[in-house]
Structures are given as structure tokens and as C-alpha cells.
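Read through the structure below, which is laid out as C-alpha cells, and then see the notes.
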Amino acid sequence: MGVEITTQQKAGTQARNLWQAIGRGIMCKCPNCGEGKLFRAYLKVSDKCSVCGEELFHHRADDLPPYLAIVIVGHIIIGLMVHMEMNWHIDPVIYLWTLVPLAIVLPLALLPSIKGGVVGLQWANRMHGFDPNFRDPALPDDQ
């Protein structure tokens, strides 16, 4: 039996804990140290962690956080509607007063945590420039 060498060991990089990074991102903290703030504004990711100096501007969360928020909130709202219809006879106006505001507020409340989790996922997997040993072939050589 030979010893298996991972690509991270070949590159001389340290392994990153995926679930820890995602959890730290969900808590809106730096995926590297878990101490610094991930966001400088509502959904604006900081360029660098104020505590450990990890560069965070490499992220490419794009449209994944809103899609995930829609899926999560959609399941919650539909589950509530089905439950209410099966147990009581609800006037449709009640849905307008309760579930429509909930469908607006819930995604807005979930978006920072979801985006933080996506940034943590990208950081742990060294995606989009989070790998210090990666050199983008599209960039010119520094000579």
C-alpha cells in the first residue's frame, strides 16, 4: 500500500475545512478565522478580513444566494399554505396579510447568511482566486 498524496499536499497548501468555512460564512464571519466581519454593508463582501487579512474579494456568489433563498422561502410559504388549508378554512385575504409580507421579508433576512455560506464554500474549495498558488492564464506574465 502506497501513501496517497493529495493535490493540496503537492501544492504545499493547507487543507481547509469545508463545513467550518460554510458555517462561519452563514454566521457572516470570515471563513478563514471566524472572527472578522464578512460584509461591509448589507450584501457587500469586505475586500479583506479586518482580523486575519484574508482576501475576500475573489468571491463570485452571483445569483446562487437569491436562488437558494427563493427555494427555502418557497418551501416554507407553500408548507404554511397547505397546512392552513388542510386544517382551517382560510379567507384568501388572510394570505395577503400574512404570507405575502412573509414572502418579502424572509428572503431579505436570509440573503446575507446564504451569501456568506456560498463565499465560505468558495473559499474552502479554493475557487475563483482563493487559491494563492493559482495563476490565471488569462493574465499577462509579470516580467
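The values are calculated or read from the model by the stated rules, or taken from the named source; none is laboratory data. In this text, all values refer to a predicted model and were calculated from it rather than measured experimentally. Methodologically, a virtual Cβ is constructed for each residue, glycine included, from the backbone with ideal geometry; neighbour enumeration extends over all protein chains shown.
I'd like to check something: does segment 124-142 contain any residue that is aliphatic (A, V, I, L, M), outside any loop (DSSP other than H, G, I, E, B) and surrounded by 13 or more Cβ atoms within 10 Å (Cβ to Cβ)?
yes
Counting only residues that are more than 22 Å from Ile70 (Cβ to Cβ) and of a type in the set (Val, Ile, Thr), which one in segment 80-105 is modelled with the highest pLDDT?
Here is the first cut: in segment 80-105, the residues more than 22 Å from Ile70 (Cβ to Cβ) are 86-94.
Narrowing the set further to residues that are of a type in the set (Val, Ile, Thr) leaves 90, 93-94.
Details: Ile90: 86, Val93: 93, Ile94: 89.
My answer is Val93.
Does His59 satisfy the criteria of being outside any helix (DSSP H, G or I) and touching a strand residue (DSSP E or B) at 6+ places or on another chain (Cβ under 6 Å)?
Considered against the rule, which asks whether it is outside any helix (DSSP H, G or I) and touching a strand residue (DSSP E or B) at 6+ places or on another chain (Cβ under 6 Å), His59 comes out as yes.
Residue check: is Tyr67 of a type outside the set (A, V, I, L, M, F, W, C), modelled with pLDDT under 95, assigned to a helix (DSSP H, G or I) and more than 24 Å from Asp131 (Cβ to Cβ)?
No.
Mind checking which residues of segment 21-74 are among the acidic types (Asp, Glu) and more than 14 Å from the chain's Cα centre (by Cα)?
Answer for segment 21-74, where residues must be among the acidic types (Asp, Glu) and more than 14 Å from the chain's Cα centre (by Cα): Glu35, Asp47, Glu54, Glu55.
Do we have any residue at all in segment 78-98 that's part of a helix (DSSP H, G or I), over 14 Å from the mean Cα position of the chain (by Cα), among the hydroxyl-bearing types (Ser, Thr, Tyr) and crowded, with 16+ Cβ neighbours inside 10 Å?
yes
So, in segment 31-45, how many residues would count as being touching a residue at least 40 places away in the same chain (Cβ under 8 Å), surrounded by fewer than 18 Cβ atoms within 10 Å (Cβ to Cβ), assigned to a loop (DSSP other than H, G, I, E, B) and not hydroxyl-bearing (Ser, Thr, Tyr)?
1
Given the residues Phe134, Phe130, which is the only one that is at pLDDT below 95 and in contact with a helix residue (DSSP H, G or I) (Cβ under 7 Å, 6 or more places away or on another chain)?
Among Phe134, Phe130, only Phe130 is at pLDDT below 95 and in contact with a helix residue (DSSP H, G or I) (Cβ under 7 Å, 6 or more places away or on another chain).
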